[in-house]
Amino acid sequence: MKNLKNLRSAVFAAAALFICLYAVSAQEGGPGRPGGVPALFAPAEKTTRSRMIQVGGRLRPAASIEHSSPAAGVVREVFVSPGDGVAEGDLLFSVDRSEAGQSFRLAAVRSRIAGTISAVQAEPEQEVSDGESLVTVIGRSGYILEAQISDKDAYKVALGQKVQAGTAAGLLFSGTLTNRSPEPDYSTGLYSLRFDFPPSPDLHPGTFVLVDLPADTLTGFFVPADALDRRYGRNFLWLADRQKQVYVRREVVPGGSMGSDILIASGLSEGEEYLLKPTGRERADAPLPAPGDQPKRRP
């Protein structure tokens, strides 16, 4: 019996503590405004918003140089392998010319850029023709990305603008939009864009990246779509007249949209408070709800 009484005392003490904490929470307020009541009205504030579009593709080295045989002949030596790093002027391979009277002269081919050996298509004693590509060197000067964009957005992006790109692993880095094709691919209607990115030890050829591009930019007063009271093809906002403490119904003209928010082209001024979510029960010149009250929605 004594244990039962102790258990009951503990339960009553926990309940009393919960009630006290709930009362303090209600007095201090939760999300929205003091008192834990969500805000009913919001002030009109002029902001600038951009509609973002994404394009993607794989990074390629900004420089990729093929080194070809300077003459027909036989490869005598190959001095590099794929993956080797080379400096500008390093020897790549040599060719024994096969022209009459010239067979004793070796033609040495040196790297024209500093970088990494990407491909080697030459072996000693291999016969090669004049101009045949034998060694490819990719540079370390940075990366480029070529991507496609629709015809409706192609001229909404500005050449020279800085862009933000990201990888699937979450790496973010900056680059520049440097070129847009003068005409589209007429079979698809898509234009080509070129982006340039500086070198980074975290980036590699072939990495797939997505680039965010600001397309449309709108400036003005944005309100949630739910704030509009649509009646008979017209749009209204319910405003708060704080001097008279009454509702005011104002017709507004919507402009463009950004996500779920609507740009108000006319009918709303800076600082005016609008009802975030009409219930259908609002009436012009009706008293505003008292602090802490929640309007009931029409059933």
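The values are calculated or read from the model by the stated rules, or taken from the named source; none is laboratory data. Keep in mind that what you see is a predicted model, and the values were worked out from it rather than measured. Cβ: placed from backbone, ideal geometry, glycine included. Neighbour counts: every protein chain shown.
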How about region 233-274: which of its residues are free of Cβ contacts under 8 Å to residues at least 24 places away in the same chain and hydrophobic (A, V, I, L, M, F, W, C)?
-> 236, 253
Single condition residue 230 does not satisfy, out of (1) in contact (Cβ under 8 Å) with a residue 24 or more places away in the chain; (2) over 27 Å from the mean Cα position of the chain (by Cα) | (1)
Note on region 173-191: residues over 18 Å from the mean Cα position of the chain (by Cα) and at negative phi are 179, 180, 181, 182, 183, 184, 185, 186, 187, 188, 190, 191
Within region 122-138, is even one residue closer than 30 Å to residue 212 by Cα and either without any contact (Cβ under 8 Å) to a residue 24 or more places away in the chain or surrounded by 14 or more Cβ atoms within 10 Å (Cβ to Cβ) (or both)?
-> yes
So, of the residues in region 67-101 that are of a type in the set (S, T, N, Q) and within 17 Å of residue 121 (Cα to Cα), which turns out to be nearest to the chain's Cα centre (by Cα)?
-> 81
If we scan region 174-181, do we find a residue that is loosely packed, with under 12 Cβ neighbours inside 10 Å and either small (Gly, Ala, Ser) or at pLDDT 95 or above (or both)?
-> yes
Over region 188-239, the set of residues under 14 Å from residue 264 (Cβ atoms), touching a Leu at 6+ places or on another chain (Cβ under 8 Å) and part of a strand (DSSP E or B) is 218, 220, 221, 222, 223, 224, 229, 235, 236, 237, 238, 239
Determine whether residue 215 is out of contact with any Lys or Arg (no Cβ under 8 Å at 6 or more places or on another chain) and touching a residue at least 24 places away in the same chain (Cβ under 8 Å).
-> no
Within region 43-63, tally of residues that are over 30 Å from residue 223 (Cα atoms) and crowded, with 16+ Cβ neighbours inside 10 Å = 5
Any idea how many residues of region 132-158 are modelled with pLDDT of 95 or more and part of a loop (DSSP other than H, G, I, E, B)?
-> 2
All but one of (1) free of Cβ contacts under 8 Å to residues at least 24 places away in the same chain; (2) farther than 17 Å from residue 62 by Cβ; (3) part of a strand (DSSP E or B) hold for residue 183; which doesn't?
-> (3)
